[in-house]
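What follows is a single structure, written as structure tokens, with notes after it.
The values are calculated or read from the model by the stated rules, or taken from the named source; none is laboratory data. Computed from a predicted structure; not experimentally measured. As a convention, Cβ positions derive from the backbone with ideal geometry for all residues, glycine included, and neighbour counts pool all protein chains shown.
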Amino acid sequence: MLFTIITILALLGVLFRQTALRYRDSQTPAADGPAPKFAWNGYGAWLAARAKSAFQFDTVRKAGAEFERWTARYYPGWMKWLFAAFVLCFLYLAGSGFFFAVFIARGIYGLPLVGHVVLGGLFAVLLAALLLWRARDYRFDEREEAVFERVACPVFKNVSKAFVRKLLFWTFAFFGLVLILTALLSMLPILPADAQPTLILFHKYSALIALLAAVVFVDMTFIPAPRP
Amino acid sequence: MRDRTAYRNKPKWDTILCPAIILSILAFLVFTGAAFASTNPPKWAGSRVSPVHQIPLRDEYNQLIVPTETSPLPFSARYSCAPCHDYDVIKGGWHFNATADVPPGRPGEPWILLDERTGTQIPLSYRPWKGMWKPAALGLSNWDFTLLFGRHFPGGSVAEPADGEMTPESRWNVSGKIEINCLGCHNASRMQNPSEWAKQVLRENFRWAATAASGLGEVGGMSSRLRPTWDLFDGPNPDDSEWAVAPSVKYNRALFDSKHRVFLDLNYKADDARCLACHSSAPAGQVKRDFDDDVHTAAGIKCAECHRNDLSHAMVRGYEGEGGLNPAAAGEDFTCRGCHLGGETAGGKFIVPGRLGAPRPVHKGLPEVHFKRLNCTVCHSGPLPAKETPRVRTARANRLGIFGVADWSTELPFIGEPVYVRDANKKLAPNRVVWPAYWAKVSGKSLALLKPTDVSAAAGEILLPETPVIKILAALNGLNEVDGTAGLSYGGRLYEINIDGGLSSTAAAEPAQKNTAPVAQILVRKDGQFTPLVLDFDPANAETAVEPEARIQKILEGLTAMDGAPGRPVLIFKGWQYRIAESALDKSERKEPPAASPEILWIKGDRREPLIPAFNLRTMAALAGSDQTLTEEQVELVLKALASKAPAEYAHIAAGRMFRLGKKGALEAVSHDAASPLTWPIAHRVRPARQALGVNGCTDCHSGGSKFFFARTRAAGPLKTDRAVVRSAVSFMGLTMPFHKLFGLSFLVRPWFKVALGIAAFLIISILAVLFLTTLGRASGLIEKRR
């Protein structure tokens, strides 16, 4: 139950934060006046309009074009298909995992579980492959390390978007690893049965963190900034 | 100012009320105290020593038993134990309260009414367990039920009915009631004899059974042979010392002291042998030498260590969820989980594990779902699943544990185990399964059960295919001329009359030849050699035919005098026919082609019929060597016989199907809910951990050919049929086969899957380690310094 509450609150929180930030960015400030105040009515209307546009056929075409553009740059050739498979795996794993964890008291079972296990394996292999391919690009450089040294409250005040993306990338990679390890350890006759609930708990919370990281990463990377 | 006069004139309520209130309180205390005393066992003082039971025995009239007196009565547990143990409290115990209005709890083993002749096997119970028939539905009175199943009764309950519960046709006044047999469970003496108990019950010596079984005395006579008006005070019949002998007790005087007290070697916790007298079970066909006891027994734990009770005899049955129904279960202390895992129960009680030294299982690598969906017994109890669900024989169903010259045990009813079925907690548990078999009248979709006696009456000879053979063989065996034992050879088997007057068959030394029609032939066995009933001779030769013809005359005379002879016997051989005419052998020439070997026929009017009808031979041959007692042909004939006696639609439920007559009069088998199997969970025999299901890994259950998921259970019962239902294990579990096939097959690649995960994890860990170390190096300046 606690996980359900945390999951729903965390997802809503992140979605609200990301959309609210975008809504704020879409507001045109007065030339010499203060930044416009956050208006709930305006936010609601803006959100509705964005949601409506997201469900238009054109959005699919645009997303496809964006995917082509992005993969052409970062995952050229056959790597594009690995990346696509990775994304689809993750979507299925997150969808099936969270749906059953949140809405079904019994948890995941049956064919969805078989799919979860099979695609989980594929996800692990693809994650390792993509990390091998892309890890170098997400190394922390000198400037960002300087930011590290100035870590203070508020933590992310002076952090660049590029740094946040890297941070999200490695967060995703780390918790992806936890997901793989918890799945693997639960299948090996190493730990006693008493450890299984703990492993599942780790698996679920790691999945939540990885999902949140992925949501923010995708929002920052793929979704175009709103026009003011 | 107070009016003193008025005060004086007021009735003095206090003087009336005070004594009334005090008396009421006293009366309340007395009555509630009495009630409390009768429902609450006496408090245990703390001594762990059981008292020595050197006690006087009392009979059912509460009179002291003096073993030296003539014709002493059998002892009564009710009065012999009563001074210290409240019989009425004990009567409420689990073994004695089946007819009482108590929560039934988890289903237990039913009593199975077996009637081999009509192919009936019906699970019965007085408890309202799903799928079981109430005995009253079959018209079984307390008397009938006690006679049928008293052999494995602990006494009390239906065997000790109140006067108002006795039916007119019962003979309780002759037999007496079966009181709760305390010694049946608590007697530590090796003299305690369950076989003697069964024998006495079947002789209707109900009130004498406990005395005889305990070894305290020797009981002779049979109530079943006494006239229905016989009374205990009538005593022995001086005119009959052979047949209708009234039961009597001859106590073993050596067991009594000078004060007529007897030493009873009693166990507070019953020995396992006492429990197993009624609760033992073993795989059908297993050799005793190969049978391993329950792992708890092997560890020295007695049944009663877990299945505990106090004076109320509310036994701990030991299943999860019992705590809410049975206060004596002490909050589920004695489930597998309670002793081995501990933890918090549904009632909020925390159980400390390790009771009686129970080890804590580790279950390395076992996913949690197994604990949520399976009872411990799935992996640890009962036989391991096999390709075909094996059969098991139980004491109560198959009459085990009654020893003597005759074999009392039965192969029927057929009980299978294990099938895995969900219990009230939605967890799988290993179950035993029995397929009901009975006759019924069909009214729309509902079925009205027919009593086996009614079916037998309507079926007549159809259900007795061996009767003509028995009569013929008995008639021949009675002849001096038949120097040996007559038997029937047919279809590669030899049929002979057994010691019980029935027919036994053994495989013939020379099996029947294939592709040739079997021939029935009467043989005579002497000194292990078989010879034809009529030896080869030449009827045309008057000199050599004298002796064989004299033998033929005696044979034909014997058959003529046979009880229920269907006609006049004739013997044909070569071109001759022999018959009895006016007490003499009549020999005449035949017009038909000569018979190669002597053949006996019946003449009924103008018709000639075979000595044994083809239907009887066919049926006997079909059932010979099998444990089944009914053929489809018999079912068809019985259904027709029932319909001809009382026109209606009838059906026979058997082998998981409903057999009925189709529109063209042929037998057809259809599905019907009434033919569904009945299951009840088992907890024992618990195997050692190293023999648990899953000890070899996931593929013990999760594989394409898993016996756990795909074992086949063939509906078995008295009917021999090829149309029996075959169900897979998953259907009992309420699961789907394709999914579990797929899931099982996925385990073929599971090892490679784990390797792939391991490699992926190793690569990711390496990359993260490099990132971490380089970042740390830069943050600390080590990398710059090196440059």
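The table below gives the values:
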| quantity | calculated |
| --- | --- |
| Lone unmet requirement of (1) surrounded by 17 or more Cβ atoms within 10 Å (Cβ to Cβ); (2) under 27 Å from residue B:268 (Cα atoms) for residue B:226 | (2) |
| From A:86, A:38, residue being surrounded by 10 or more Cβ atoms within 10 Å (Cβ to Cβ) and outside any helix (DSSP H, G or I) | A:38 |
| Scope the range A:175-228; condition in contact (Cβ under 8 Å) with a residue 24 or more places away in the chain and charged (D, E, K, R); matching residues | A:204, A:219, A:227 |
| Boolean, residue B:300 is among the small types (Gly, Ala, Ser) and buried (at least 16 other Cβ atoms within 10 Å of the Cβ) | no |
| Test: residue in the range A:94-111 that is of a type in the set (Ser, Thr, Tyr), closer than 18 Å to residue A:177 by Cα and either part of a helix (DSSP H, G or I) or at pLDDT below 90 (or both) | no |
| Hits in the range A:45-83 - residues which are under 28 Å from residue A:16 (Cβ atoms), assigned to a helix (DSSP H, G or I) and polar (S, T, N, Q) | A:53, A:59 |
| Index of the failed condition, residue A:175 passing every other in (1) more than 9 Å from chain B (Cβ to nearest Cβ); (2) at pLDDT below 95 | (2) |
| Count of the range B:198-245 residues which are free of Cβ contacts under 8 Å to residues at least 60 places away in the same chain and part of a loop (DSSP other than H, G, I, E, B) | 21 |
| Close pairs from the range B:520-546: first surrounded by 11 or more Cβ atoms within 10 Å (Cβ to Cβ), partner assigned to a loop (DSSP other than H, G, I, E, B) and β-branched (Val, Ile, Thr), Cβ under 9 Å, at least 6 apart | B:520/B:612; B:522/B:534; B:524/B:482; B:533/B:482; B:537/B:544; B:538/B:544 |
| Residues of the range B:612-657 classified as within 17 Å of residue B:461 (Cβ to Cβ) and outside any helix (DSSP H, G or I), total | 5 |
| Enumeration of residues in the range B:177-203 that are under 18 Å from residue B:222 (Cβ atoms) and surrounded by fewer than 24 Cβ atoms within 10 Å (Cβ to Cβ) | B:177, B:193, B:195, B:196, B:198, B:199, B:202, B:203 |
| Qualifying positions in the range A:122-140 - over 22 Å from residue B:758 (Cα atoms) and more than 9 Å from every other protein chain (Cβ to nearest Cβ) | A:136, A:137 |
| Looking only at the range A:178-225, and only at residues there that are facing chain B (nearest Cβ under 7 Å) and polar (S, T, N, Q), the one that is nearest to residue A:67 (Cα to Cα) | A:186 |
| Contacts under 6 angstrom Cβ, first residue in the range B:606-632 being farther than 14 Å from residue B:466 by Cα, partner hydroxyl-bearing (Ser, Thr, Tyr), 6 or more apart | B:632/B:721 |
| Matching residues in the range B:301-333 - criterion: being of a type outside the set (Asp, Glu), assigned to a loop (DSSP other than H, G, I, E, B), on the phi < 0 side of the Ramachandran plot and at pLDDT 80 or above | B:301, B:302, B:307, B:308, B:309, B:311, B:312, B:314, B:315, B:316, B:317, B:319 |
| Residues located in the range B:334-374, provided they are outside any helix (DSSP H, G or I), away from every other protein chain (no Cβ under 14 Å), within 25 Å of residue A:106 (Cβ to Cβ) and within 33 Å of the chain's Cα centre (by Cα) | B:335 |
| Of all residues making up the range B:745-763, the number that are more than 7 Å from chain A (Cβ to nearest Cβ), farther than 28 Å from residue A:135 by Cβ and in a helix (DSSP H, G or I) | 3 |
| Strands (runs of 3 or more DSSP E) (entirely within the range B:459-578) containing at least 3 residues that are in the same structural domain as residue B:597 (by TED's automatic domain parsing) and of a type in the set (A, V, I, L, M) | B:521-526, B:568-574 |
| Selected residue [touching a Phe, Trp or Tyr at 6+ places or on another chain (Cβ under 9 Å) and modelled with pLDDT under 95] from B:385, B:436, B:430 | B:385 |
| Test: residue B:106 is out of contact with any Leu (no Cβ under 8 Å at 6 or more places or on another chain), under 30 Å from residue B:651 (Cβ atoms) and either part of a loop (DSSP other than H, G, I, E, B) or of a type in the set (A, V, I, L, M, F, W, C) (or both) | no |
| Residue in the range B:71-84 that is over 30 Å from residue B:216 (Cα atoms) and at pLDDT 55 or above present | no |
| Test: residue B:739 is in a helix (DSSP H, G or I), assigned by TED's automatic domain parsing to the domain that holds residue B:359, among the aromatic types (Phe, Trp, Tyr) and touching a residue at least 24 places away in the same chain (Cβ under 8 Å) | no |
| Which numbered condition residue B:289 misses (of (1) of a type outside the set (A, V, I, L, M, F, W, C); (2) free of Cβ contacts under 8 Å to residues at least 24 places away in the same chain; (3) closer than 24 Å to residue B:403 by Cα; (4) surrounded by 13 or more Cβ atoms within 10 Å (Cβ to Cβ)) | (4) |
| Filter result (of a type in the set (Gly, Ala, Ser) and either within 23 Å of residue B:277 (Cα to Cα) or crowded, with 22+ Cβ neighbours inside 10 Å (or both)) within the range B:152-176 | B:155, B:156, B:157, B:159, B:175, B:176 |
| Pair list, Cβ < 7 Å and 6+ apart or interchain, from the range A:47-74 residues that are surrounded by 12 or more Cβ atoms within 10 Å (Cβ to Cβ) to residues that are in a helix (DSSP H, G or I) and of a type outside the set (D, E, K, R) | A:47/A:19; A:59/A:53; A:71/A:83 |
| Qualifying positions in the range B:277-306 - within 21 Å of the chain's Cα centre (by Cα), of a type outside the set (S, T, N, Q) and closer than 30 Å to residue B:87 by Cβ | B:277, B:278, B:279, B:303 |
| Long-range neighbours under 9 Å by Cβ, at least six apart or interchain, first residue of a type in the set (Lys, Arg) within the range B:567-590, second in a loop (DSSP other than H, G, I, E, B) | B:574/B:538; B:574/B:539; B:574/B:540; B:574/B:590; B:574/B:594; B:587/B:539; B:587/B:545; B:590/B:575 |
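Here is a yes/no grid of residues against (1) at pLDDT 95 or above; (2) at negative phi; (3) surrounded by fewer than 19 Cβ atoms within 10 Å (Cβ to Cβ):
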| residue | (1), (2), (3) |
| --- | --- |
| B:575 | no, yes, yes |
| B:583 | no, no, yes |
| B:607 | no, yes, yes |
| B:625 | no, no, yes |
| B:642 | yes, yes, no |
